[in-house]
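Take a look at the structure set out below.
The values are calculated or read from the model by the stated rules, or taken from the named source; none is laboratory data. Quick caveat, the model's predicted, so the values are computed rather than measured. Every residue, glycine as well, gets a Cβ built from its backbone with ideal geometry; the counts of neighbours run over all protein chains shown. Each accessible area value is taken on the protein alone, full model and side chains, heavy atoms only, with ligands, DNA and RNA left out. Shrake-Rupley method; radii C 1.70, N 1.55, O 1.52, S 1.80 Å.
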Amino acid sequence: MVAYDQVKAYDCVQAFTIKASLERFNLPEKFIRYVLSNLENATSCFKTFYGPTREISVETSVRQGDPLSPLIYILVSDALHEGLANNPIFARKTGYSFSNDSSLTIASTGYADDTMTYSESWEAMWMSHEWVREFCHVHHTKINANKTKYIVSDSQGENDPRWLPSVDGKDKIIPLASSYQIRYLGLWLWTLIEVPMASDEQNYYGLEMEGPPCKSRSRATEVLWLLPRLDCGLLHATITERMCNAWLSTILHTLCSLSDMRSFSSINKKAFCLLAGLPDLWMRLHTTRAAELLVNLNTNYCLCGNSTIARFCSLMGTTSRNIAQAMHDFEPKGTCYTHATNRMSSTLKYLKESGITFANRRETAKSPSRLSGLIAGALSNCD
């Protein structure tokens with residue numbers, strides 16, 4: 001896997017590159033001339049303490065701040081991704097195929113100027129990189145070799161001979177181990193499947209290095225690494241039960257594949273999760289959201305508490321001053337929020353279907369509600 005860092009991506013886009021990219025999509029000639037007119041006799045200057053500088057000519061780049069610029073850049077980079085999927089230099093397809101769906105092959109992913117490439121072998125990765133270098137040569141762009149991250153599953157360290165050359169061939173892109181964490185689009189990515197654990201940590205978590213699948217290090221990976229990174233998304237993102245079931249199936253399929261289990265299709269998912277000590281993602285989503293809701297409803301002195309109380313009371317058809325009464329009425333009134341499709345309403349609907357109710361806020365400090373007890377038990381089971 002290679003995560004490329006492009007040097008001054010927008011500033012390096014040439015006029016002939018824009019024209020060729022737009023013609024590739026058969027866009028009207030008038031539109032192409034309109035887009036290229038932004039570079040005709042274009043000038044720029046800098047504002048300083050002593051006033052603006054003299055104007056300088058702008059011969060390349062798509063304009064920063066122009067709403068059309070990201071779309072133009074996407075059209076330009078589309079040719080790069082097409083060449084990564086069907087390499088024109090070596091006349092072959094490259095990419096990574098999923099073990100649970102061999103028909104699905106991904107050669108690259110991109111968001112604006114952030115590009116990642118994937119391959120199953122160093123030979124295929126080298127071919128993809130040669131296409132990236134050729135594309136950069138032709139279109140006068142550069143890759144920052146020091147910031148580009150090149151991950152190899154079986155890296156041999158700094159002396160690994162499978163390095164990749166920079167665009168000009170002067171620098172090396174050194175392979176990094178799969179345990180190396182990179183930040184991509186604000187998310188930390190980590191490709192290592194197995195978690196190296198010390199013996200005392202194994203005893204603490206009750207995990208063994210050898211034994212049945214439910215006691216393997218892959219289980220530790222899912223519980224100790226994957227779930228904490230999913231919690232933020234489960235808490236805030238729009239996620240359906242179908243998505244959670246699909247993710248859970250992928251996790252179980254991976255665990256079974258690593259443990260050489262060939263009867264994955266006949267396994268009862270709930271039973272497997274129970275025996276292996278793995279949390280159900282759909283249940284985890286609702287317990288996480290219910291815990292946040294309970295904490296915010298009992299919070300008086302912060303904005304998140306006030307906003308949660310206001311939204312809850314709005315769903316219950318009252319004002320935030322009557323929060324205690326709204327929580328008390330949550331049990332008899334179960335239909336006022338079902339028409340809404342926001343995150344809080346889905347959490348309340350789940351609690352209602354589960355038969356869980358709130359306690360009065362004044363009573364919460366003296367005796368925990370049934371909801372808080374259930375959440376505590378569910379979270380302890382998830383851990």
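Within the stretch 274-283, which residues are over 11 Å from Ser249 (Cα atoms) and part of a helix (DSSP H, G or I)? Spell out the reasoning first.
First, pick out the residues of the stretch 274-283 that are over 11 Å from Ser249 (Cα atoms): 274-279, 282-283.
Matches in the stretch 274-283: Leu274, Leu275, Ala276, Trp282, Met283.
Please enumerate the residues belonging to the stretch 33-80 that are among the charged types (D, E, K, R) and within 19 Å of Ser21 (Cβ to Cβ).
Answer for the stretch 33-80, where residues must be among the charged types (D, E, K, R) and within 19 Å of Ser21 (Cβ to Cβ): Arg33, Glu40, Glu59, Arg63, Asp66, Asp78.
I'm checking my understanding of the structure. Among residues of the stretch 106-148 that are aliphatic (A, V, I, L, M) and in a strand (DSSP E or B), which one is farthest from Gly83 (Cα to Cα)?
As a first pass, look at the stretch 106-148 and keep what is aliphatic (A, V, I, L, M): 106-107, 112, 116, 124-125, 127, 132, 138, 143, 145.
Pick out the ones that are also in a strand (DSSP E or B) and you get 106, 116, 143.
Details: Ile106: 12, Met116: 13, Ile143: 17 Å.
In this case the residue turns out to be Ile143.
Taking the options Ala112, Ala85, name whichever one is out of contact with any Phe, Trp or Tyr (no Cβ under 6 Å at 6 or more places or on another chain) and more than 25 Å from Asp11 (Cβ to Cβ). Walk me through how you get there before you give the answer.
Values: Ala112 fails: more than 25 Å from Asp11 (Cβ to Cβ).
The match here is Ala85.
Out of His286, His253, which single residue is in a helix (DSSP H, G or I) and under 22 Å from Thr347 (Cβ atoms)? Before you say what the answer is, go through the steps one by one.
Working: His253 fails: under 22 Å from Thr347 (Cβ atoms).
Selected residue: His286, the only one of His286, His253 that is in a helix (DSSP H, G or I) and under 22 Å from Thr347 (Cβ atoms).
Condition check ((1) open to solvent by 80 Å² or more (accessible area, probe 1.4 Å); (2) in contact with a strand residue (DSSP E or B) (Cβ under 9 Å, 6 or more places away or on another chain); (3) modelled with pLDDT under 70) across all residues:
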| residue | (1), (2), (3) |
| --- | --- |
| Ile151 | no, yes, no |
| Gln202 | no, no, yes |
| Glu210 | yes, no, yes |
| Ala237 | no, no, no |
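Being among the charged types (D, E, K, R), surrounded by 12 or more Cβ atoms within 10 Å (Cβ to Cβ) and assigned to a loop (DSSP other than H, G, I, E, B) is the filter here; which residues of the stretch 54-86 pass it? Spell out how you get there, then give the answer.
From the stretch 54-86, those among the charged types (D, E, K, R) are 54-55, 59, 63, 66, 78, 82; that's our starting set.
The next check asks that each one be surrounded by 12 or more Cβ atoms within 10 Å (Cβ to Cβ); those that pass are 63, 66, 78, 82.
Passing the criteria: Arg63, Asp66.
I'm checking my understanding of the structure. Among residues of the stretch 117-143 that are open to solvent by 40 Å² or more (accessible area, probe 1.4 Å) and under 23 Å from the mean Cα position of the chain (by Cα), which one is farthest from Tyr10 (Cα to Cα)?
Top of the filtered list is Glu120.
Would you be able to tell me the number of residues in the stretch 87-105 that are assigned to a strand (DSSP E or B) and exposed (fewer than 15 other Cβ atoms within 10 Å of the Cβ)? Give the derivation first.
Taking the stretch 87-105 first, the residues assigned to a strand (DSSP E or B) are 87, 92-93, 96-98, 101-105.
Now drop any that are not exposed (fewer than 15 other Cβ atoms within 10 Å of the Cβ), which leaves 92-93, 97-98, 101-104.
Going through the stretch 87-105 one residue at a time, the tally reaches 8.
I'd like the residue in the stretch 290-320 that is over 23 Å from Thr238 (Cα atoms) and either out of contact with any helix residue (DSSP H, G or I) (no Cβ under 8 Å at 6 or more places or on another chain) or modelled with pLDDT under 75 (or both) and, out of all such residues, is most open to solvent (accessible area, probe 1.4 Å). Lay out the reasoning, then the answer.
Narrowing the stretch 290-320 to residues over 23 Å from Thr238 (Cα atoms): 298-302, 317-320.
This time we only want the ones that are either out of contact with any helix residue (DSSP H, G or I) (no Cβ under 8 Å at 6 or more places or on another chain) or modelled with pLDDT under 75 (or both), so: 300-302, 317.
Details: Asn300: 81, Tyr301: 208, Cys302: 44, Gly317: 71 Å².
Among residues in the stretch 290-320 that are over 23 Å from Thr238 (Cα atoms) and either out of contact with any helix residue (DSSP H, G or I) (no Cβ under 8 Å at 6 or more places or on another chain) or modelled with pLDDT under 75 (or both), the one most open to solvent (accessible area, probe 1.4 Å) is Tyr301.
Against the condition out of contact with any Leu (no Cβ under 9 Å at 6 or more places or on another chain) and modelled with pLDDT under 90, how does Ile56 come out, does it pass?
On the way: out of contact with any Leu (no Cβ under 9 Å at 6 or more places or on another chain): yes; modelled with pLDDT under 90: yes.
Answer is yes for this residue.
Is it the case that some residue within the stretch 333-343 is open to solvent by 20 Å² or more (accessible area, probe 1.4 Å), within 28 Å of the chain's Cα centre (by Cα) and modelled with pLDDT of 80 or more?
The answer is no; no qualifying residue exists.
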